[in-house]
Ligand SMILES: [Zn+2]
């Protein structure tokens, strides 16, 4: 049996998994996710194969699970900020810029 280690959001009574915001950026992202193509009855679906970085750790080069003798260490991530729970990612300059952009979009939509 393997133990899977997940980071939790600190300061909450609820057990909330820390999910980082993965920002896609082909120009400067140190992270390159592996690409995998899966066939299905509608054709093929390609997963991954993108470059980017974590908003709170822009220099981190890997996001894949790390296997150690005491278990598997996960870096949970999403490219949708609405699903991110990491307080540092949500407080990043990129998150502020995203929120500002959404406010501007809301004004246009009214
Ligand atoms: Zn984060």
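Side notes on the structure shown:
- Of all residues in the stretch 1-51, none satisfies the criterion of being within 16 Å of residue 81 (Cβ to Cβ) and without any contact (Cβ under 8 Å) to a residue 12 or more places away in the chain.
- Test result for residue 82, within 16 Å of the ligand (Cβ to nearest atom) and farther than 20 Å from residue 26 by Cα: yes
- Check on residue 93, loosely packed, with under 10 Cβ neighbours inside 10 Å, closer than 30 Å to residue 12 by Cα and touching a residue at least 24 places away in the same chain (Cβ under 8 Å): no
- Selection of the stretch 88-110 for residues being part of a loop (DSSP other than H, G, I, E, B) and within 16 Å of the ligand (Cβ to nearest atom) yields 91, 92.
- Residue match in the stretch 2-12 (condition: at pLDDT below 90, out of contact with any strand residue (DSSP E or B) (no Cβ under 7 Å at 6 or more places or on another chain) and on the phi > 0 side of the Ramachandran plot): yes
- Elements of type strands (runs of 3 or more DSSP E) contained in the stretch 10-71, each with 2 or more residues being away from the ligand (no atom under 16 Å from the Cβ), under 15 Å from the mean Cα position of the chain (by Cα) and exposed (fewer than 14 other Cβ atoms within 10 Å of the Cβ): 43-48
- Filter result for the condition that a residue is touching a helix residue (DSSP H, G or I) at 6+ places or on another chain (Cβ under 8 Å) and touching a residue at least 12 places away in the same chain (Cβ under 8 Å), over 54, 64: 54
- Residue 85 satisfies every condition listed in (1) part of a loop (DSSP other than H, G, I, E, B); (2) without any contact (Cβ under 8 Å) to a residue 40 or more places away in the chain; (3) under 30 Å from residue 1 (Cα atoms) except (2).
Results for (1) at pLDDT below 95; (2) in contact with a strand residue (DSSP E or B) (Cβ under 7 Å, 6 or more places away or on another chain); (3) under 18 Å from residue 8 (Cβ atoms), shown as yes or no for each residue.
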position	(1), (2), (3)
71	no, yes, yes
74	no, yes, yes
79	yes, yes, no
83	no, no, yes
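The values are calculated or read from the model by the stated rules, or taken from the named source; none is laboratory data. This one's a predicted model, so the numbers in the text were calculated from it and none came from an experiment. No Cβ is skipped: glycine too gets one built from the backbone with ideal geometry, and neighbour counts run over all protein chains shown.
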